[in-house]
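Structure first, commentary second.
Please treat every number below as a calculation from the coordinates, not as lab data. Being a predicted model, the structure only gives us computed values, none of them experimental. Cβ atoms come from the backbone with ideal geometry, glycine included; neighbour counts cover every protein chain shown.
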Amino acid sequence: TLFRSAPNGTNNKKVDEEEEEKRRVEARREKQRRRREKNSEKYGDGYRIAFTCSFCKFRTFEEKDIEAHLDSTAHQETLDYIQKQTKFDKVVMEFLHECMVNKFKKTSMRKAQANQNEAAKFQEKDVLEGVASDDHMMKVETVHCSACNTYVPSLHSSVQQHIKSPEHKKSKLAYKEQIKRECVLTATSILNNPIVKSRYEQYAKGENPFEIVEPSEEAQVVVEESNEQTEEANEQNEEANEEVEENEETIEEDITDPNDFTADITSTDEN
């Protein structure tokens, strides 16, 4: 009887683990949905076709700007800082850089496809819908300052006044330190993703893993969830220090150990 009950117990445990994993996946997707809504409010509905560098927190809608950033000294300094803190070798750092280049290329392709197909373009709602004349509102262009998390009128005088203000100078230094803290977590979280690990193994062999078509849309969702978990982890760290994110949920159980990838490389080198 004891020998017969063991498999049932094992099966029950497996079912419980599967149910728990399903709940975690649903929770991650809900966080992903909320994050997309938050980013849409912050950057506009076109944020998904913006060019970004996850390590430097750089964001732009201009292709020439992201190209310049990826070749810039600032970007390289961020990579150098990541390498100094993680002790990753040269191949790993080159791979991380190529991840951002590939991300840029995929965004370019997505924008090109959207431009070729008018039906694919998102029709943004009129932001002034429902606004009456006695509300005294008008639509104006603004410049977003990530360091201060504020919007500045898109006027040369207003921008100059903002960047020369004591508040901006202070926020700029604090934001630079924040990027330093979070870029390491971003890099390790990306590398700990199983799909990215597989790509790195191909890259280390001299192959180009970025030429391979994604096996499914679900695989891309997994990568996006991993990146968004990283952003959530960054916000949690910020919350612990400054308590500025009142509604941020605890995500410690979703964060992988940053040492996992380092351990894999160490064992590979030793062999």
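For the pair Ala204 and Asp135 in one chain, pulling the backbone fully straight at 0.36 nm per residue adds 18.8 nm over the alpha carbon distance. The modelled label-to-label distance between Glu63 and Ile49, using points 7 Å beyond Cα along the C-beta direction, is 1.2 nm.
Kindly rank 199-207, 52-60 from highest to lowest mean number of other beta carbons found within 10 Å of each residue.
The most tightly packed comes first, giving 52-60, 199-207.
Modelled this way, with points 7 Å down the Cα-to-C-beta line, the labels at Ala114 and Ser72 are 2.2 nm from one another.
Legend: distances between Cα atoms for Lys22/Lys87; Lys22/Lys103; Lys103/Lys197; pairs beyond 26 Å are Lys22/Lys87; Lys22/Lys103. Cross-link partners for Lys170 among the lysines, with Cα-Cα distance under 24 Å and sequence neighbours closer than 8 places in the same chain left out: Lys42, Lys57, Lys180.
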